[in-house]
1. Pulled fully out, how much extra length does the chain show between residue 98 and residue 57, if you take 0.36 nm times their separation in residues and subtract their Cα-Cα distance?
2. Which of the helices in the chain, when you take each full DSSP H run, stretch at least 20 Å along the axis at their Cα atoms and have an average Kyte-Doolittle score of -0.5 or higher?
3. Tell me the mean residue ellipticity at 222 nm calculated for the chain from its helices only (DSSP H runs of n ≥ 4, each -39500 (n - 2.57), averaged over every residue, nearest 500).
4. For the chain, what does the relative contact order come out to in percent, with C-alpha contacts under 8 Å and a separation of six or more?
5. For 35, 97, 73, what ranking results if the residue with the fewest other Cβ atoms within 10 Å of its Cβ goes first?
6. Any chance you could run the full-extension gain for residue 209 through residue 36? It's 0.36 nm times the residue separation minus the Cα-Cα distance, nm to one decimal.
7. Taking neighbour counts of Cβ atoms within 10 Å as a proxy for exposure, in what order, fewest first, do 263, 258 appear?
8. Multiply the residue separation of residue 133 and residue 233 by 0.36 nm, subtract the distance between their alpha-carbon atoms, and state the gained length in nm to one decimal.
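Bear in mind that the values in this text are calculations on the coordinates, not laboratory data. Since this is a predicted model, take the numbers as computed values, not measurements. Glycine also receives a Cβ, built like all others from the backbone with ideal geometry; neighbour counts cover every protein chain displayed.
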Amino acid sequence: MGTETVGYRDENLVVGALLTTAAFFCVALVGALAKVSGQYTSTGVLLLFQNAICLLFVLPVVSRGGFAALRTKRIGLHLLRAATGTGCWYALFVAIKQIPLANATLLTYSAPLWMPLIAWAVTRQRVAVPTWLGAGIGFFGILLVLQPQGHGFSAGELSALAGALLLAVAMMSVRWLGATEPVTRILFYYFLLATVLSVPIAIADWQPIAPQGWPWLIALGFAQLFSQALIVVAYRYASAEKVGPFIYTVIVFTAVIDWIVWDHRPTVATYLGMALVIGGGVLAMRAKAKQPRSTSAAPTSE
């Protein structure tokens, strides 16, 4: 999601970091709740309800400002953000049904490592050496987690990696939107368009929701809503560049949940891979933040 220059409080990095960490704890809960909810319905239905519940709660907030405030000249960019964000979540939900939750989340949230490559491919702008170094360290960490040994990558791993690429584009689109669009408008168009895009996926992948699945499904929507709201509040206390590295707390939280709930104990290689992905990502973010820039970047849980 994007940031606004209006409504900022005096900077308080501690509060900003705590709120960001809480936001990505909610993101970790989204993955865990999706894994549980997936036992009672299809992936497409999960995706639809995740977005629809958030849209339901965003509408009253938007309506208070008047629908004239929703006018935008960047509908194409909003659509790009919604399409890539929806695709990312779908890819993650598919992955967590096939591989451990911690591995799926680690691979998907390697997205910041892909951003320098995508930015270079699109804009051909020079990327700082420390940024490439951080990305390289992170990619080595990914290989440690995947450990391909002749059999190649599984469908779940490939799905999570596809989600990472989609998330990287979504994060970049949010950065571009944040230059001109207020937070409420970004959220409204994301949840509206993502809900619309999820409808045909849910119809094609329709499976009735078992009665015992409803509480988990509703909790999934609320976890997503809280993650988005907490990030918005966090950026009122500290800049996105300073709290950006806290995006990686989602990997730690998810690994703990995966271990406690599903008894997926991380291996030594997984621990080392996680450390390299987190360290490389933080290095790449810090190097990028030191470069001159015209707009604020905001990490997003999508």
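1. 11.6 nm
2. Going by DSSP H runs, the hits are 13-37, 43-64, 75-96, 129-146, 155-177, 183-204, 214-234, 268-289.
3. Value at 222 nm, helices only: -24000 deg cm²/dmol.
4. Relative contact order comes out at 45 percent.
5. 73, 97, 35
6. Details: separation 173, 0.36 × 173 = 62.28 nm, distance 1.26 nm.
Full extension of this stretch gives 61.0 nm more.
7. 263, 258
8. Result for the pair: 32.8 nm of gain on full extension.
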